[in-house]
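The values are calculated or read from the model by the stated rules, or taken from the named source; none is laboratory data. Since we're looking at a predicted model, the values are computed, not measured. Cβ placement follows ideal geometry from the backbone for every residue including glycine, while neighbour counts extend to all protein chains displayed. When the accessible area is computed, the model is the full protein with side chains, heavy atoms only, and any ligands, DNA or RNA have been set aside. Shrake-Rupley method; radii C 1.70, N 1.55, O 1.52, S 1.80 Å.
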Amino acid sequence: MTAVTPLVHPHAGIGDFTIRDVIEGQTAGQLIVAADDWGWWTTLLGGDTIAPSTGIQQTVAHGLVRAGFLARRGHRYHLTHTGHDVGKNRGFVRCAVRGWEPTFRRLSGAAHDEYIPAATEPGEVARACTDIARRRPEIFATIGASIAAGTPGCTIDLGCADAGRVQALAGLAPREQFLGVDIEDEVIDAATVDVAKLGLSERITLLPGSVQPEPQPPAWLGKIDRESVTTAMSFFLLHQLASDGDGIAAVLRGWMEWFPNVRRLVIGDGYLLEAEHWTQQPWFSPTYEIYHTITGVRLWTQLEYERAFADLGWSVTRRMEDHTMLVTTILERG
Ligand SMILES: C[S@@+](CC[C@H](N)C(=O)[O-])C[C@H]1O[C@@H](n2cnc3c(N)ncnc32)[C@H](O)[C@@H]1O
C-alpha cells in the first residue's frame, strides 16, 4: 500500500487564497462593475434575460458565465444562483474595485508613511453605498414606517452622497420634508439634478458642506430652519467623523446642539469585527478593515456605539443587521 499524498500545498492553511483567486477575482470584479454600468444586473434581478449585442458585451457575458454568474440559453443569458448573490451585492464590488482603488494604489508609494489620505472616487463610492442600501429594502421600509408614523417633520441625512437614501425615504414617508448635506460639491450637484427630474425638489433640499461639528458652525446651517429637524440620519460616515473628531458621543452631541428638536436618530455604520485571518471574518470585513487602517480612520465596536448612544440619553428602538458588520440602529428619546 502506498501512502495517499495530500493534494494541498504543505504550507497552505484552510481557506488561504490561491493565486488563481487573486487574479481571476480581480477580473471578475471588473466585469461585474462593467455589467452594472450597462444595467445588466438590474435587468437580470428583475427576472429578465440579457442579450449581448456587441463583441465586447459578448466577451463580458462569456466571462460572467465562466465565473459561474450567468448561464446561456441560445443567444440570451440568465442569472445563476451565485449570479443572483453577486448582483444583489454589486455595491460592495463597486466600492472595492472602483471606489477605494485609488487609495489602495497609493500603498506602493507609501511604505514609509503612517497613513494614506483617502483618495476615493466620490461618485463611485456614493453609488456603491446606495446600491448596498437598496439590497435590503426591508431596512428602508422600517425606517420609512418609523418616520411616517409620527407627526410629520423634517429628516436630515448627514453625508447624503447621491441622495439615494433620501429619495427612497421620500416615497415611504410622503408628508415628511428632507434635507441632505454632503461635503462633495459635485456629488450634490448631480443629486440635485436627479431630485428635480423626479419632481421632488419641493420636498428634498440638498446642500454642500461639512457635517463635522467644529467650534464654528458650518455655513449651510445658516440656510436651514434648524428647529424644524426632527430626525437626524447618517449612514457610513459617523466612524470617520468620530475618528477625525473626538469620538462618537462628541459628534452626536454636536448634531444634537445643531438640531434642538431632534427626537429620532437613524445611524448606519460598519462595526469593527476583529479576526487574524481574512477567511475567519465575513466577506468585505477584512477589506473594510484594511482600507480604514491604511487611511487612519478608526472603526468602532458595537459596544462603543451603544455606550455613546446611552450616554446621550438615546434608547435603541430597532437594530437591523445587513451584512454581518453593517448595522442600522433607530434611536429615540423622550
Ligand atoms: C461612505 S459614504 C456614505 C454615503 C451615504 N451616507 C450612504 O450610506 O449611502 C460617506 C459620505 O460622506 C461624505 N463625507 C465625508 N466627509 C464628510 C463631511 N465632513 N461632511 C459631510 N459629508 C462628508 C462623503 O462625500 C460620502 O458621500
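The residue list Thr120, Thr151 contains one member that is over 13 Å from the mean Cα position of the chain (by Cα), within 28 Å of Trp255 (Cβ to Cβ), within 16 Å of the ligand (Cβ to nearest atom) and surrounded by fewer than 22 Cβ atoms within 10 Å (Cβ to Cβ), which is Thr120. Scanning the stretch 240-265 for residues that are open to solvent by less than 40 Å² (accessible area, probe 1.4 Å), more than 11 Å from the ligand (Cβ to nearest atom), closer than 18 Å to Val181 by Cα and not small (Gly, Ala, Ser) yields a total of 8.
For the stretch 129-140, the count of residues that are among the β-branched types (Val, Ile, Thr), closer than 23 Å to Trp40 by Cβ and not assigned by TED's automatic domain parsing to the domain that holds Asp37 is nonzero. If we scan the stretch 215-233, do we find a residue that is out of contact with any Pro (no Cβ under 8 Å at 6 or more places or on another chain), of a type in the set (S, T, N, Q), in the same structural domain as Gly171 (by TED's automatic domain parsing) and within 9 Å of the ligand (Cβ to nearest atom)? No, there is no match, as no residue in the stretch 215-233 is out of contact with any Pro (no Cβ under 8 Å at 6 or more places or on another chain), of a type in the set (S, T, N, Q), in the same structural domain as Gly171 (by TED's automatic domain parsing) and within 9 Å of the ligand (Cβ to nearest atom). Would you be able to say whether some residue in the stretch 191-202 is open to solvent by 30 Å² or more (accessible area, probe 1.4 Å), free of Cβ contacts under 8 Å to residues at least 40 places away in the same chain, assigned to a loop (DSSP other than H, G, I, E, B) and near the ligand (Cβ under 10 Å from one of its atoms)? Within the stretch 191-202, not a single residue is open to solvent by 30 Å² or more (accessible area, probe 1.4 Å), free of Cβ contacts under 8 Å to residues at least 40 places away in the same chain, assigned to a loop (DSSP other than H, G, I, E, B) and near the ligand (Cβ under 10 Å from one of its atoms).
Residues of the stretch 301-328 that are open to solvent by less than 30 Å² (accessible area, probe 1.4 Å), under 17 Å from the mean Cα position of the chain (by Cα) and either over 24 Å from Ala145 (Cα atoms) or of a type in the set (Val, Ile, Thr) (or both): Val327, Thr328. Quick one: is Ala163 more than 14 Å from Pro122 (Cα to Cα), small (Gly, Ala, Ser), open to solvent by less than 60 Å² (accessible area, probe 1.4 Å) and in contact with a Gly (Cβ under 7 Å, 6 or more places away or on another chain)? No: the conditions fail for Ala163.
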